[in-house]
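Participant: Questions regarding the structure given below will be posed in turn.
The values are calculated or read from the model by the stated rules, or taken from the named source; none is laboratory data. Only a predicted model underlies this, so the values are computations on that prediction, with no experimental measurement involved. Cβ atoms come from the backbone with ideal geometry, glycine included; neighbour counts cover every protein chain shown.
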Amino acid sequence: MSDEGRQRLRLWLRCGFFALFVLAPVFDVFRLDLTRGHFVLFGLDWTLGIDDFTAGRIDATELSLRVVLRAFVPGLAFVLGGLWLAWKYGRLYCGWLCPHGSVVETVNALMRRAGGTPSLWERRPATPRQADGSVFEPKALWWLPTALVVTGFAGLWAVTLLTYLLPPAEVWGNLWHLEPTRNQALFIGVATGLFTLEFTLARHLFCRFACAAGLFQSHAWMANRRALVITYQRDRAADCAGCEAVCEIACPMRLKPRTIKRRKFACTQCTACISACTTVQQHNPAGSLLAWQSGEAALAESGQRALRRIEVTGSRKVGAATDVRSEAA
């Protein structure tokens, strides 16, 4: 699959999963109904049978069986399945499905249009160029749509999370008639404010340092030296000359794709860096310096060998510069 096709597929998957995230409670696909006191799964009540046991309708043996089959087994399968996927493919969920990741990339793109950088505190590059070589000039008028998108996402997230806990028809109905209950209005107001701050200031920092699901995936991924990883052809480092690190600019997690695996701990496997490098090297017969690889090809990114090569290359450059200065003197 081409880089363009891969990014198009990723966009469709992210949009589809975000729609599922919002609509799942509306159609009773999955939610925890606090008014009923149990989960709802595909329109069915998902209970452990504690009420039936208390009422004497089932015995202790059947209660234990329900707890094992309806809680322990599904939970264990979900955790083990997720860890296996992360061990083999890394944070694939974060880069290809996660609704929070979709917000991160959308707001990053808007902030780059408004201020030249995807974060408020990053220094604007002296010559902001795109991967295709065109000069990018940010425009302040983009701050208004950026603010609207941030608050819109924050409000949608707040309401959606509430529908996972209360009947969605009640929540959306009260909002439609502008008659939310006191507790509903309090939850939505506070959650919207917190999400607005997070989407404005933290976004990728939350993903890197605070998201439990992401951290578990990263630790599982680091345990497998042959896992899928972005590899860098260091013997072609000279081809990077003249490039303004567009691979780093493209990374939504603000990582450096040309370093070793442990320094890309929070990589979401979005391959945006590969697409950027492919565009820069489009006229180079050797193609992109970055690639998606696993197995034996991934070992060089997982150990100290790659780090030593970086250090040796850096030492050679320093030595060459010293020689040039000595000859000039």
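Participant: Of everything in the range 226-263, what is touching a residue at least 12 places away in the same chain (Cβ under 8 Å), out of contact with any helix residue (DSSP H, G or I) (no Cβ under 8 Å at 6 or more places or on another chain) and within 28 Å of Val107 (Cβ to Cβ)? Give them in sequence order.
Facilitator: Scanning the range 226-263 gives a single hit, Glu244.
Participant: Looking at this structure, is Leu205 modelled with pLDDT under 95 and assigned by TED's automatic domain parsing to the domain that holds Gly155?
Facilitator: Values: modelled with pLDDT under 95: yes; assigned by TED's automatic domain parsing to the domain that holds Gly155: yes.
Here the answer is yes, as Leu205 does meet what is asked.
Participant: How about the range 23-72: which of its residues are over 24 Å from Pro168 (Cβ atoms) and of a type in the set (Asp, Glu)?
Facilitator: Asp52, Asp59, Glu62, listed by residue number.
Participant: Considering Trp87, Trp121, which residue is among the aromatic types (Phe, Trp, Tyr) and outside any loop (DSSP other than H, G, I, E, B)?
Facilitator: Numbers: Trp121 fails: outside any loop (DSSP other than H, G, I, E, B).
It is Trp87.
Participant: Can I ask one more? Looking only at the range 138-190, count how many residues are crowded, with 16+ Cβ neighbours inside 10 Å and among the charged types (D, E, K, R).
Facilitator: Residues flagged as crowded, with 16+ Cβ neighbours inside 10 Å and among the charged types (D, E, K, R) within the range 138-190 amount to 0.
Participant: Let me ask something else. Residues in the range 19-29: is at least one closer than 30 Å to Trp96 by Cα, small (Gly, Ala, Ser) and outside the structural domain of Val104 (by TED's automatic domain parsing)?
Facilitator: Checked against the condition, which is being closer than 30 Å to Trp96 by Cα, small (Gly, Ala, Ser) and outside the structural domain of Val104 (by TED's automatic domain parsing), the range 19-29 yields no hits at all.
Participant: I need a count of the residues in the range 1-29 that are small (Gly, Ala, Ser), surrounded by 14 or more Cβ atoms within 10 Å (Cβ to Cβ) and in a helix (DSSP H, G or I).
Facilitator: Adding up the residues that qualify gives 0.
Participant: Kindly indicate which of Ala297, Ala266 is surrounded by fewer than 18 Cβ atoms within 10 Å (Cβ to Cβ) and either of a type in the set (A, V, I, L, M, F, W, C) or not assigned by TED's automatic domain parsing to the domain that holds Ser102 (or both).
Facilitator: Ala297
Participant: Can you tell me which residue is farthest from the chain's Cα centre (by Cα) among those in the range 207-245 that are buried (at least 21 other Cβ atoms within 10 Å of the Cβ), hydrophobic (A, V, I, L, M, F, W, C) and assigned to a helix (DSSP H, G or I)?
Facilitator: Filtering first and then ranking leaves Trp221.
Participant: Pairs under 6 Å by beta carbon, first residue within 18 Å of Phe153 (Cα to Cα) in the range 200-225, partner among the β-branched types (Val, Ile, Thr) and buried (at least 21 other Cβ atoms within 10 Å of the Cβ), six or more apart or different chains?
Facilitator: The qualifying pairs are Thr200/Val150; Arg203/Val104; His204/Val104.
Participant: Give the number of residues within the range 10-23 that are farther than 15 Å from Thr268 by Cβ, without any contact (Cβ under 8 Å) to a residue 24 or more places away in the chain and among the hydrophobic types (A, V, I, L, M, F, W, C).
Facilitator: Looking only at the range 10-23, we keep the residues that are farther than 15 Å from Thr268 by Cβ, and these are 12, 15-16, 18-23.
Checking which are without any contact (Cβ under 8 Å) to a residue 24 or more places away in the chain leaves us with 12, 16, 19-20, 23.
Now drop any that are not among the hydrophobic types (A, V, I, L, M, F, W, C), which leaves 12, 19-20, 23.
The number of residues fulfilling the criteria is 4.
Participant: Looking only at residues that are outside any helix (DSSP H, G or I) and touching a residue at least 24 places away in the same chain (Cβ under 8 Å) in the range 160-179, which one is nearest to Pro99 (Cα to Cα)?
Facilitator: Here the residue is Tyr164.
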